[in-house]
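The next block holds one structure in the form of structure tokens; read it before the comments.
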Amino acid sequence: MTIVNVEDLHYSYGDIQALKGVNFKIDGSKMVGILGSNGSGKTTLLKNISGYLKPSRGNVFIMDKSVHKMRSKDRARIIGYVPQDMYFDFEFTSYDVVMMGRTPYLSRFQRERKEDAISVRDAMILTNTWDLKDRYVNELSGGQRQRVYIARALAQEPEILLLDEPISHLDVKYQIEVLSILKQLTAKGMLVFAVLHDINLSSQFCDLILLMKDGEIASIGTPNEVITAENIKMVFSVDADVIKNPITDTPLIVISKRQGDGLTSG
Ligand SMILES: Nc1ncnc2c1ncn2[C@@H]1O[C@H](COP(=O)(O)OP(=O)(O)OP(=O)(O)O)[C@@H](O)[C@H]1O
């Protein structure tokens, strides 16, 4: 069964056309990396899949249902969304924030049940955030907060998990740890989309790569199909050599040539 079906998706912010006709179908549980240059539409795509933004044209179907026609509570049981950052006006502890992930399972004014506490604890242990449970989330480091947000989405127990740059604030140990956790979740049946900037880690951990340029999909396929010197040049304007990682057998990009002399607009 096709789980996510994106059809002719267009999205504009006023005059800015951020998505210009995106089409793809994904079935089964996989780890999908969304890569592309700055401003190419990755976050906008994720927000349209999550139902947070409504397409200007085209549609997003989740398990054959238009994501916008789903009740928000039903949507939240299926889709977990981890934005780049969130700001909380009030002093919420990490535990409170992760417990917010259980909202779709509780009726109004219903107190948390034992199963909610178990789900929160499991998500926090998995993301290595249990020892942060009593700390105010606004006082955590960027990397600690990022892991708490992932725990919140996991407590939601979604079938599809969307993450916007989930490893951008993490040190290398946690980058590997978070990507490994996401990979384990796909083995348990979850479909994961993650916007990533690290091409080599994406190549190592993702089953599929969706490469974006100027609001369109420049290439979609396995890392072997997508991570090529031609595609890297086309999307990032960078000369790279692509070799095989001798340990993982996945494509590995090496920037060996001297690039341009300064920043170019893009
Ligand atoms: N709220 C907004 N209002 C107006 N334009 C926006 C808004 N958000 C994004 N855009 C524009 O839409 C385009 C796509 O932005 P988007 O954030 O989806 O790109 P991205 O690929 O995620 O970029 P990055 O890698 O820099 O995070 C860009 O031209 C951006 O300037």
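Observations on the model:
- Only one of D214, D207, D171 that is surrounded by fewer than 24 Cβ atoms within 10 Å (Cβ to Cβ), modelled with pLDDT under 95 and of a type in the set (D, E): D171
- Members of the range 64-81 found to be free of Cβ contacts under 8 Å to residues at least 40 places away in the same chain and either among the aliphatic types (A, V, I, L, M) or part of a helix (DSSP H, G or I) (or both), listed by number: V67, H68, K69, M70, S72, K73, D74, R75
- Residue within the range 197-205 that is without any contact (Cβ under 8 Å) to a residue 40 or more places away in the chain, of a type in the set (S, T, Y) and within 27 Å of N245 (Cβ to Cβ) present: no
- Matching residues in the range 107-133 - criterion: being outside any helix (DSSP H, G or I) and in contact with a helix residue (DSSP H, G or I) (Cβ under 7 Å, 6 or more places away or on another chain): E112, T127, N128, T129, K133
- Within the range 31-46, residues that are within 23 Å of I181 (Cα to Cα) and at pLDDT 95 or above reach partners that are among the small types (G, A, S) and within 7 Å of the ligand (Cβ to nearest atom) with beta carbons closer than 7 Å, at six or more positions or on different chains, in the pairs K42/G36.
- Residues in the range 193-231 that are in a helix (DSSP H, G or I), in contact with a Leu (Cβ under 9 Å, 6 or more places away or on another chain) and aliphatic (A, V, I, L, M): I199, L201, V226.
To keep it simple, each residue is scored yes or no on (1) within 19 Å of I209 (Cβ to Cβ); (2) near the ligand (Cβ under 8 Å from one of its atoms); (3) polar (S, T, N, Q).
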site: D8; (1), (2), (3): no, no, no
site: D15; (1), (2), (3): no, no, no
site: V22; (1), (2), (3): yes, no, no
site: G28; (1), (2), (3): yes, no, no
site: N38; (1), (2), (3): yes, yes, yes
site: T43; (1), (2), (3): yes, yes, yes
site: Y52; (1), (2), (3): no, no, no
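- Selection over the range 127-142 of residues that are over 21 Å from the mean Cα position of the chain (by Cα) and surrounded by fewer than 16 Cβ atoms within 10 Å (Cβ to Cβ) gives a count of 5.
- Which numbered condition L185 misses (of (1) of a type outside the set (G, A, S); (2) crowded, with 16+ Cβ neighbours inside 10 Å; (3) within 16 Å of the ligand (Cβ to nearest atom)): (3)
- When E165 is tested against the conditions (1) touching a Phe, Trp or Tyr at 6+ places or on another chain (Cβ under 9 Å); (2) modelled with pLDDT under 95; (3) within 16 Å of the ligand (Cβ to nearest atom), the lone failure is (1).
- Selected residue (criterion: surrounded by the most Cβ atoms within 10 Å (Cβ to Cβ)) from residues of the range 1-56 that are assigned to a strand (DSSP E or B) and of a type in the set (K, R): K20
The values are calculated or read from the model by the stated rules, or taken from the named source; none is laboratory data. Not measured: the values here are computed from a predicted model. Please note: Cβ atoms are built from the backbone with ideal geometry, for glycine as well, and neighbour counts cover all protein chains shown.
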